[in-house]
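Since every read-out is calculated from the coordinates, none of them should be taken as a lab result. As the structure is a prediction and not an experimental result, all values here were calculated from the model. All Cβ positions, even for glycine, are placed from backbone atoms using ideal geometry, and neighbour counts span all protein chains on display.
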Amino acid sequence: MHIVFACIVGFLSGSILWSYLLGQLFYDVDIRNYGLDRNPGAMNAFRAKGFWLGASGGLLDALKGFLPASKHKRASAAVVLDAPSVGALYGFCIAHCGNLKWKAGSALSLLEQDK
């Protein structure tokens, strides 16, 4: 049951689009309108409003996969399945890539492979 809960927490954490939310909250801008790919990620946040929005969105996007996995690994080191990482990756890909172009999940999956 603990693995299922960790996977759900990772999924919910991964599905938050921080760059998009920060752009909407602080700048009232839809960052998907910038760039050719219409991606709600950190690069289009850089294009839309510059360094601070792009850097803060990119940092929060990286932490949303790292924090649930690191918290889970400290709580139960014997678990072989890295449930929060898998959940965060799928949550990120589903929320971030509504048109099922899974290329955007590659950065988060590379971050998770180092553990």
Using θ = phi - 60° and Karplus 6.51 cos²θ - 1.76 cosθ + 1.60, couplings along the stretch 18-26 (whole Hz; Gly, Pro as x): 4, 4, 5, 5, 5, x, 5, 6, 9
Computed E for residue 26/residue 5 - FRET, C-beta separation, R0 41 angstrom, nearest 0.05: 0.80
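What FRET efficiency do you get for residue 52 and residue 12 if R0 is 25 Å and r is their Cβ-Cβ distance, rounded to the nearest 0.05? Don't skip to the answer; put the middle values down first.
Details: r = 26 Å, r/R0 = 1.04.
So, using R0 = 25 Å, E works out to roughly 0.45.
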